[in-house]
1. Over the chain, what is the mean sequence separation of C-alpha contacts under 8 Å (at least six apart), divided by residue count, expressed as relative contact order in percent?
2. Please sort 169-179, 132-142, 348-358 by packing, taking for each peptide the average over its residues of neighbouring beta carbons within 10 angstrom, highest first.
3. Which one of PHE199, GLY164, VAL178 has its Cα pushed farthest toward the positive end of the charge dipole of segment 143-199, where Lys and Arg give +1 and Asp and Glu give -1 at the Cβ?
4. How much of the DSSP bridge set in segment 1-131 is antiparallel, in percent, rounded to the nearest 5?
5. Taking only protein heavy atoms and a 1.4 Å probe, what accessible area per residue, in Å², does the chain have with all protein chains in place?
6. Along the charge dipole of the chain, Cβ charges K/R +1 and D/E -1, which of ALA15, LEU102, GLY188 sits furthest on the positive end?
7. Return the carbon/sulfur percentage of the accessible area of the chain, one whole number, probe 1.4 Å, all protein chains in place.
8. Each label point is 7 Å from the Cα along the Cα-to-Cβ direction; what then is the distance between the points at ALA41 and GLU317, in nm?
Amino acid sequence: MLILGVETSCDETAAAVLEFGDENAPRVLSNVVASQHEIHARYGGVVPELAARRHVEMIAPVLEAALEEASVSVKEIDAVAVTRGPGLVVALLVGLSAAKGLAWSLGLPLIGVHHLDGHVHSLYLPTGDESNAPPPFPHLGFVVSGGHTDFYRVDGHAEATHLGGTLDDALGEAYDKVAAIMGLGYPGGPIVDRLHAKFLAENGNGAKVVEFPRPFLEDRPYAFSFSGLKTAVLNYQKERGLYLSDRNLPPWARPQEVPEEVACAVAAGFQEAAVEVLVEKVSGVVRREKLPAVSVSGGVAANSYLRKKLAERAEGEGWSLHFPARKYCTDNAAMIACAGGFRLKLRGREGFMDYADMDADPSWELGDAPDE
Ligand code: KG4
Ligand code: ZN
C-alpha cells in the first residue's frame, strides 16, 4: 500500500511517499522538504502571508519531486494523507486543497492528519539504528517544537490523551526568540545548540554559564512556562548595553549586537536552564503516569544536549527513551503519511472517502485534557 503524505502547516512545503507492507514499520520511498527558512530569517519568525505564497509556488514541484524520487506514478498511490491542523490557516489550506484535489480526481481516500499525531508517528519511521526501536504502547509522548510543548499519553496509533503542556510560549519559539534577540538568525534552535557546544568545548564541562531562571522546576508538574526565561535573556542583554541598535532599522539591517563569547555564554545558560526543566518534567510525568517509555518528537527533539541529558536520566530511572531519526524531527511529510497509513489500516478505506467538506482546522486539539 502506497501513501502520499502532504504537509504545509508552517514554513516547510513537504511531500513524501511511504510503503506500508504487512510488517509494522513503513518504508520511506521519498521525503521531500522545501524549507522557507531564508524567507523568514530576516524577520526572526514565520510571516504567514509570505509562507502561504511560497507554499503555492512550491506545492506542485514538491509533489512531483516526491513521486519521482520514489519512482512511482501518481496512479499507483493508494491513499493521500494531509495535515489538516493545527497551524497557520493560510498555509494549511494550500496543502489541503492540493491533497483534496488529487485524491478526488483519482478516487482515493483522504486522511486528514493532526500535525502533532504526525510528530508522534515520526517515531514509527525507520531510524536506521536497531538500538532505537519504536516506543511500545502505552507510552508518554512528549512533543516539543516551535508551536507546542505538550505531554500525551499514547495508547495506540489513534489514541492520544493530552496530559498538559506549556501555558505560554513553546520551547522552540523561545529558542527562536533568544536567537533573534542576539541577532543570530532563524531558526534559533540549531544555532543555540551549536553555540552551547562551542562554549563547552572551549570552557570545559561544568564551566560556569550565565544563570537563568528555571520556570516551574519544582511546581506544576504537567505545565511549562518559557516566556519568563525568554524575557530574562532579553533583560540580560539590555542591562549590559548589548541591545542598543537602532530599533527603527529592520532586523536584518541592524549591526551584529552581541560579541560571540557573550552569545556562547548566554546560549549555554539558556539551554542548560531549558533542558534542566525538560528533563525534570519528563521524569516527573513518566513516574506519575506509571508509564514504561517516553518518546520525544518535534523540532527541539533534534537537540543534542537534550538527547544526552534525557538519556542519562532514562538510564538512571529505568524507563526506555525513544527519539526519531534527526531528519524526521523537524516538519516533514513522511510523519504525516505514517500517521495516515496507520489510521487507514485501523479504519479501512471506506472510513476516509467522505471528505468533500473537509476544511483546515488551525486550532485542532489532539486528545482531551483530563482535569489536573
Ligand atoms: O517541529 P518543527 O519543525 O515545527 C513546528 O511544528 O513547530 O519545529 C521547529 C522548531 C523551531 O523553533 C526550531 O528552532 C526548533 O524546532 N529546533 C531546535 C533544533 N532544531 C530545530 N531546537 C533546539 N535544538 C535544535 N537542534
Ligand atoms: Zn511540527
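The values are calculated or read from the model by the stated rules, or taken from the named source; none is laboratory data. Keep in mind that this is a model prediction, so the values were computed, not measured. All Cβ positions, even for glycine, are placed from backbone atoms using ideal geometry, and neighbour counts span all protein chains on display. Ligands, DNA and RNA are excluded from the accessible area calculation, which covers all protein heavy atoms including side chains. Shrake-Rupley method; radii C 1.70, N 1.55, O 1.52, S 1.80 Å.
1. Values: 766 pairs, mean separation 96.3, N = 372.
Here the relative contact order equals 26 percent.
2. Details: 169-179: 25.3, 132-142: 19.9, 348-358: 12.5.
By packing density, highest mean first, the sequence is 169-179, 132-142, 348-358.
3. With unit charges placed on the Cβ atoms, the residue in question is PHE199.
4. On the way: 14 of 23 bridges.
For segment 1-131, the DSSP antiparallel bridge percentage is about 60.
5. Working: 15960 Å² over 372 residues.
It amounts to 43 Å² per residue over the chain.
6. Final value for the positive-end residue is GLY188.
7. Here carbon and sulfur together make up 51 percent of the probe-accessible area.
8. 3.8
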